[in-house]
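Shown next, in C-alpha cells, is the structure this report addresses.
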C-alpha cells in the first residue's frame, strides 16, 4: 500500500470528522459519502430514510458492512496530534465506518460476491436507519462498525429497556405529613434497585446482570401540582422476563405512571463460524493477538442480528471508553491496522 493511499485513507476519516452530524442532522455527511463512494468506484445512493449505501460487485453472496454516520452532540475541533486524530465520531463510530469504506475500496469487486457498505442514520437514538434495512437484505454475513481495538472481535451486546416514571400530585405545604412527590420518586428508584439486586442474585459478571442507570430526574412546582419525571436506562442480559419486570415496576410505582420504550433484545454470536475464523486469521496475519469481547451497551447488532440470522460480529478501530467523551480520538496506526484486517477478511470470505 503506497504512502499516498494511506494518506487518502486518513484524509477520508478526517473529512468525515469535520462534518458535524449529530443524530437527526446527517444530511451533509450523507451527501458527502455518496460522492466519496462514487469517486472510489462504488455504486451509491441514499435510501428513503437517509441511509447511504455503497456496493461493489454483483454476486449473489452479499457481505454487509454496517456502520453509522450519526454521533452524539457536541462538536469537537478536528486535530491531528502525535499520531492521534481527534474529533467527534473518531471512535463512535466514524472511525469504523471509514475503515469499512477504505477496506472495501482496497479489495474492489470480488467474483461471485457483493460487498455492501452502509452508513445508517439515528443509531445513537432509535436505530431508525438499521430498522429500515432488516426486511430488505438477506446477507451471508455482517460486520457492525463499532470500536473494539484492532485486535478484538465483539461477539455480543446486552439488551436495553428505557423506563420513564411520571408522578403528578397536589401541591402541599412542606410541613405536611408524608413524602413529597420527589421523595416518592426516590423511593421508587430505591425499590427498583433493590428488586434488581435480588434478580441478579450476586452475579459478578456484568454481561449477565440487569443494570439500571438513572439518566435524569427533574421536578417542577406549579400553582396546584408538583411533578417529577425520571428517565431510567436498563441494560438487559439474557434470561430476564421483561413482561414480568414491567408489571413489577408498575406495582412499585403506585399512583405514578410508568412507561417503557427503546426495547432491544440481547444478542450473542457463536465463535465458530467462517466470519469469526476470517477475523482470527487476519488479526494473526497482522501479528496481533485476537481477543473476544462481550459489550455492556447495545449496537445495531441487536437490531439486525435476530432478523438476518447470519454470522455477525462488531469490529472497528478505537477505544470504546472514549465514546461520547470530550477527549474522543483514535490512534491513526490502529485505524490503518483495522483497514488491513478488514481487507484481509473480505478477501478470505
Within region 239-269, work out how many residues are more than 17 Å from residue 163 (Cβ to Cβ) and without any contact (Cβ under 8 Å) to a residue 40 or more places away in the chain. 1
Sole miss for residue 299 among (1) surrounded by 15 or more Cβ atoms within 10 Å (Cβ to Cβ); (2) modelled with pLDDT of 95 or more; (3) farther than 28 Å from residue 132 by Cα is condition (3)
Those residues that are surrounded by fewer than 17 Cβ atoms within 10 Å (Cβ to Cβ), touching a strand residue (DSSP E or B) at 6+ places or on another chain (Cβ under 8 Å) and more than 22 Å from residue 89 (Cα to Cα), I need them from region 107-136; list them, please. 108, 109, 112
Looking at region 58-153, what strands (runs of 3 or more DSSP E) fall wholly within it and have at least 3 residues that are within 18 Å of the chain's Cα centre (by Cα)? 61-68, 113-120, 141-145
Going through (1) modelled with pLDDT of 95 or more; (2) out of contact with any helix residue (DSSP H, G or I) (no Cβ under 8 Å at 6 or more places or on another chain); (3) not in a strand (DSSP E or B) one by one, residue 255 fails only at (1)
Just to be sure before I move on: is residue 7 without any contact (Cβ under 8 Å) to a residue 60 or more places away in the chain, closer than 23 Å to residue 137 by Cβ and not in a loop (DSSP other than H, G, I, E, B) in the structure I sent? no
Hey, can you tell me all the residues within region 107-137 that are touching a helix residue (DSSP H, G or I) at 6+ places or on another chain (Cβ under 7 Å) and closer than 16 Å to residue 71 by Cβ? 119, 120, 121, 122, 123, 127, 130
Out of all the residues in region 48-71, which are surrounded by fewer than 19 Cβ atoms within 10 Å (Cβ to Cβ) and either outside the structural domain of residue 330 (by TED's automatic domain parsing) or over 25 Å from residue 112 (Cβ atoms) (or both)? 48, 49
Picking from 325, 298, the residue that is without any contact (Cβ under 8 Å) to a residue 24 or more places away in the chain and under 26 Å from residue 75 (Cβ atoms) would be 325
Residues of region 305-322 being crowded, with 21+ Cβ neighbours inside 10 Å, in contact with a helix residue (DSSP H, G or I) (Cβ under 9 Å, 6 or more places away or on another chain) and within 16 Å of residue 130 (Cα to Cα), which ones? 312, 313, 314
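The values are calculated or read from the model by the stated rules, or taken from the named source; none is laboratory data. Keep in mind the model is a prediction, meaning the values are calculated, not measured. Backbone-built Cβ (ideal geometry, glycine too); neighbour counts: all protein chains shown.
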